[in-house]
Every structure is written in C-alpha cells, then in structure tokens.
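Here the structure is laid out as structure tokens; the discussion comes afterwards.
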Amino acid sequence: MKNIKDYSISELKQELEKIGEKPYRADQIYKWLYKVNVTSFDEMTDLSLALREKLKQEFTICNYNILEKQVSSDGTVKYLFDILDGNAIETVVMEYKHGRTICVSSQVGCRMGCKFCASTGISFIRNLSSGEIVEEILAVEKDLDIKISNVVFMGIGEPFDNFDNVMKAIEIINSPKGLEIGARHISISTCGVVPKIYEIADRDMQCTLSISLHQANNEKRSAMMPINNKYNIEELMKACRYYIEKTNKRISFEYALAKDNNDNEQDAKELVNLLKGMLCHVNLIPINKIQDGKFSKSTNENIIKFRDYLNNQGIVATIRRELGSDIDAACGQLRRKRGEEK
Ligand code: SAH
C-alpha cells in the first residue's frame, strides 16, 4: 500500500482527485500529519467517516516501532526504529543551545564502503522513501514531545545515492504546510558523489552542503574511501567550487582525524593547499573507532595542533564536540551491534 507521507502536498492533491476527492482535503490531511502528528486516520476528525475509511483503503500512515532507545547523560538520544518491513534504521537526536538537531538515515545500509564507517560491512538493503525519512522526524517528535529545529543527513546511507527521495523529503520537511523547518536548518552530507553536487548547485537550494573529505591526498583518500576512485579530489573540488560560485554558500568539509593516518603536519599542509581561498569551513571530527576498525582516534594534542595549523593558515576550522559517546551514538553502531548479535 502507498505511504501517505510519500507525497508532497501538490502530489497528494492529485492522488485525492484520482479517488474523487476535493484537492483541499490535502491541506486538512497535511495538518493532521505534520502539525498534529497523528498516528491514524481515525484521529482526522474534520474528515467524514466515509473519507477516513476510503483513505484507509488507499494509504498507510507509516508509524515506526521503537526497537531500542538509548539516552546519553549529555541528552543525546539514539533510536533504532523498526521500519515495518523487518528492517531497522538508526536516528539520533542531539541537544544544542540553538535547538534540537536530528541526524537522519537516508538508506538501509550504504553502498559507499568508507573504511572507517560502522555501516561498512553491513550490506546495502534499500533506499528509504521520502515518507520514511520524514517519519524519522515525526517519530522522534512524538516520542520526546519536542519540536525538531535542525535536520542533518548524516545518519546511515549516502543521501546523494538516494537523491530523488531525499529531495522530496526535504520538500516536505521544508514546506510551511509540512514540518516547516527552514532550508538553512537542513544539512546534507556527501562522501563526494560529484554529479549530484552540480545538480544541487543548479537547484539553488538553501540547505548547507557538507563534504566528507577526510584526506587531501588522492592515494590516501582512495585507500579510505572507494568513492575517490570514481571521483577524485580534483573533480570533487571542481564541483565544490562550482557550488560555491553558483550559490554563494559556504561548504563545510568534514575531516575525521585518525591517528598516524591523516593527522600530521604534512596532511594539514596538503589540506591547506587544497582549500586555500575557498568559502568553506573545516569540521574536525575525532574519529570514532569502530570495532575491529583499523583507524583510531588522534590524540587531543594532535587534534588541537591540526586545528591551530589550519586556523593560522587562514582556514576556519573547529573541532566537533563529541556527543553521546557513552551510548552507541556514532554512525551505524547500534544497527551494527544488533546485526552482530543476530
Ligand atoms: N554518506 C554521507 C553521510 C553519512 S556519514 C557522507 O559520507 O557524508 C556522516 C558523517 O560521519 C560523514 O562525514 C562520515 O564521514 C562521518 N563518519 C562515518 N564514520 C565515522 C567514524 N567512525 N568516526 C567519525 N566520523 C565518521
């Protein structure tokens, strides 16, 4: 059956017309789904009983079950959701001064195979639909009785490998009739699917773009991230410069620091050469060691040295605060653990 949350408001109007209903009903349904966050058609009390029955015949309202929920002492909450087809996905909510940020998954598994990521080694199963992505937000808002203010596509999956569904999810998240979260409060992170960077630049979206760079040297980046064999650093940077020129927006480069791998002065130098003069920001992430992963976290001293070097060379770099380190909050860990237990 069709998931009613898979439709933008204009599409839902068309769907309703197809079953002989007035298009303005879509506005009512949207209000119930995204403003009231109901879990059944029966709660849509300004629709006639007959229409509610008809909707039940045509659509499901996808409501996730919580398989596991971990709460960190710093307020970070991590969910493992049962997405109703036997699969599970992870969603994390973090509390910042400026509001609550949700980190959503875009796929069940991932095809990118980055060597340091917990999702690697667990096979790719399928894309999430736009409604399933939006449901992560609704499920969390319902469970915690909160309003999410920021959305980052940094959970499991490569958002640019599920481009159309992610774009439609953003449309629903963004819509004043939907979740009404401003595009400036939405970030998409990619490991470097170059053609989609051009596409997003041409769409002139107001979302923030994050690039998971992690290495400034092709040989090392290819060893860490297979995507680099397809689109190397030069091609990636060309796309990034195009994006900046087109949108006049700053790009955020993610750089996970791994001990004795990408954290010495030579690495910092190469990174400076790559980014010098670009409208960008570097987000330094102390790498999270995954089980049997060969990358381990840089020392605090090296992390600070690395940041200071970049800053002294005129590149804005900050160290990402680690949240949820007392729970399995880092990328894919909960799902991975569960997979191993099974
Ligand atoms: N596929 C997208 C989004 C998911 S990963 C991407 O690659 O950007 C979200 C971020 O977490 C990426 O920057 C990714 O490189 C980073 N990440 C993955 N595993 C990590 C780990 N073990 N430690 C630190 N950061 C990690």
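Calculate the tail of P(r) for the chain: the fraction of all Cα-Cα distances greater than 36 Å, expressed in %.
22 percent
Sorting Arg52, Arg126 by accessible area (1.4 Å probe), largest first, what list results?
Order by accessible area, largest first: Arg126, Arg52.
Give the percent of DSSP beta bridges with both residues in region 65-341 that are antiparallel, rounded to the nearest 5.
45 percent
Please compare each pair in Lys168/Lys294; Lys238/Lys289; Lys2/Lys35; Lys230/Lys305; Lys5/Lys69 to a cut-off of 28 Å on the Cα-Cα distance and tell me which ones are over it. Kindly include the intermediate steps, with their values, before the conclusion.
On the way: Lys168/Lys294 37 Å; Lys238/Lys289 31 Å; Lys2/Lys35 21 Å; Lys230/Lys305 32 Å; Lys5/Lys69 24 Å.
Among Lys168/Lys294; Lys238/Lys289; Lys2/Lys35; Lys230/Lys305; Lys5/Lys69, the Cα-Cα distance tops 28 Å for Lys168/Lys294; Lys238/Lys289; Lys230/Lys305.
Please name which of Tyr79, Phe124, Asn65 has its Cα lying farthest along the dipole of region 9-142 towards the positive end, using unit charges on Cβ (Lys, Arg +1; Asp, Glu -1) and the Cα centre as origin.
Result: Phe124.
Helix 130-144 sits at what angle to the longest principal axis of the chain, using alpha carbons and giving 0 to 90 degrees rounded to 10?
90 degrees
Which whole-number value in Å² is the accessible area per residue of region 128-267, probe 1.4 Å?
The answer is 38 Å² per residue.
What's the magnitude of the charge dipole for the chain around its Cα centre, counting Lys and Arg as +1 and Asp and Glu as -1 at the beta-carbon? Answer in Debye, nearest 20.
480 debye
With unit charges on the beta carbon (Lys/Arg positive, Asp/Glu negative), name the residue among Leu144, Tyr255, Pro159 whose Cα is farthest towards the positive pole of the charge dipole of region 65-341.
Tyr255
Provide the gained length on full extension for the span Gln57 to Lys276, in nm with one decimal, where the gain is 0.36 nm per separating residue minus the Cα-Cα distance.
Working: separation 219, 0.36 × 219 = 78.84 nm, distance 5.77 nm.
Fully extending the segment from Gln57 to Lys276 adds 73.1 nm.
Students often check this: by mean Cβ neighbours within 10 Å, which of 24-31, 103-110, 42-49 ranks highest, and how do the rest follow?
Ranked by mean Cβ neighbours within 10 Å, highest first: 103-110, 24-31, 42-49.
Order these peptides, 141-147, 256-262, by their mean beta-carbon neighbour count within 10 angstrom, highest first.
256-262, 141-147
So, by mean Cβ neighbours within 10 angstrom, what's the order for 65-76, 149-160 with the highest one leading?
On the way: 65-76: 14.6, 149-160: 23.2.
Going from most to least packed, we get 149-160, 65-76.
Carbon-plus-sulfur fraction of the accessible area of the chain, 1.4 Å probe, in percent?
47 percent
The values are calculated or read from the model by the stated rules, or taken from the named source; none is laboratory data. Please read all numbers here as calculations on a predicted model, not as lab measurements. Note: ideal-geometry Cβ built from the backbone for every residue, glycine included; neighbour counts use all protein chains shown. Please note that ligands, DNA and RNA were not included when accessible areas were found on the heavy atoms of the full protein model with its side chains. Shrake-Rupley method; radii C 1.70, N 1.55, O 1.52, S 1.80 Å.
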